1. Within 10 Å of each residue's Cβ, count the other Cβ atoms and sort 50, 286 from fewest upward.
2. With θ set to phi - 60°, apply the Karplus curve 6.51 cos²θ - 1.76 cosθ + 1.60 along segment 162-174 and write out the HN-Hα couplings as whole Hz, x wherever there is a Gly or Pro.
3. Under a point spin-label approximation (7 Å from Cα along Cα-to-Cβ), what is the residue 207-residue 224 distance to one decimal in nm?
4. Quote the FRET efficiency, to the nearest 0.05, computed for residue 184 versus residue 260 with a Förster distance R0 of 35 Å and r equal to the Cβ-Cβ distance.
5. Can you run phi through the Karplus equation (6.51, -1.76, 1.60; θ = phi - 60°) for segment 59-68 and list ³J(HN,Hα) in whole Hz, with x for Gly and Pro?
6. Using a 10 Å cut-off around each Cβ, can you sort 99, 149 from fewest to most neighbouring Cβ atoms?
7. Evaluate E = 1/(1 + (r/R0)^6) for residue 295 and residue 176, where r is the Cβ-Cβ distance and R0 equals 45 Å; express this FRET efficiency to the nearest 0.05.
8. Using Cβ contacts closer than 10 Å as the measure, can you line up 259, 142, 59 from fewest to most?
Amino acid sequence: MHAEQRRGFITTTNMRNNKKQRTLSSFHGNHRKSGEKPGSVARNRHEPVHKNDTLSNLFKQVEIAKKECEKTMDCVSDMIILTDSEGIIKRFNRAVKEFTGKDYQDILGKNWEDMIIENELEAVTIHAGCTELHHKPSRRWFELNAYPFEDSELDFSGNVMTIRETTEVKNIANTLEKSRKRAEKDRKKLKNTLSRICSLMESVTQEQDSAVRFSNPNIGKCYEVKHCRDKKCPCYGQEAMRCWQVAGTFCGGKVQGTFAQKYQSCSECEVYKKATSDPLDQIGEHFNNMMYILNLQNYETQE
Ligand code: SF4
């Protein structure tokens, strides 16, 4: 027999391990001295032991449930905070600790609003019951939700707060909004351009005005763009003009031919590209080139 058992100091663990032995020793021990019936003595002596075991199991179950709850909370990437009715932080998960970079004891017992402010989370908008927060230092966005609760049995009330990062969703939404605005702007520009071209075509067909042209603010002075110094070029020193329609220009140090002969190389020139960088101006310049050719053919026919 163990020395402690002999002295009567039997620990709970030992009690469990030596249940059979204890039963026997009880049976053969006190009941003989007190004169009570053997069965009744054994039952009375075992009651505290059973109670200890039950309590021990209960504590163990509570501890397991607590750990399960903590682990579950810690697995969630959103910040979760439990506050009492005064807004004092009673519990929180690992995400809060990681975001704040503070120790458990430095967060516990704080007012949750103070914690938000201290960590530079600024409330920007409130919509549909949630608050949008912006963290300027990291340019991240979050969404805060509060779920009030009350437990009359435990006489406890408070809030469960969740803070979810929404940066990615927000960025996608911003990009989509920018694209939508750009598409809307382009749609208006296209509508305007088509309207201008329709109006020009009406002038040609109804008023027989072949001098009409689509106005393009991006036409430049080719000799400035190309740093040309050849004064013999017909475009040199002139106002901004459609040099690709001018015959005999001195592009690249070589005398060029007519519009039809040089259009291919002109369409790859930076002067032309700059003038038609906007697709709508490109449509306009196609109209202008068409009018130029029609005028030329008209002129040749008359001759
Ligand atoms: S190559 Fe054509 S577009 Fe370029 S500068 Fe000469 S004429 Fe103008």
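Nothing in this text is a laboratory measurement; each read-out follows from the coordinates by a stated rule. These numbers come from a predicted model, not from an experiment. All Cβ positions, even for glycine, are placed from backbone atoms using ideal geometry, and neighbour counts span all protein chains on display.
1. Numbers: 50 10, 286 13.
Ascending number of Cβ neighbours within 10 Å: 50, 286.
2. After applying 6.51 cos²θ - 1.76 cosθ + 1.60, I find 10, 10, 10, 6, 10, 3, 5, 4, 4, 4, 5, 4, 5 Hz.
3. The answer from the label model is 3.0 nm.
4. Values: r = 39 Å, r/R0 = 1.12.
The calculated FRET efficiency here is 0.35.
5. Using θ = phi - 60°, the values come out as 4, 5, 4, 5, 4, 5, 4, 5, 4, 4 Hz.
6. On the way: 99 18, 149 11.
Fewest-to-most Cβ neighbours within 10 Å comes out as 149, 99.
7. Working: r = 46 Å, r/R0 = 1.03.
Here the calculated transfer efficiency is 0.45.
8. On the way: 259 17, 142 23, 59 10.
Fewest-to-most Cβ neighbours within 10 Å comes out as 59, 259, 142.
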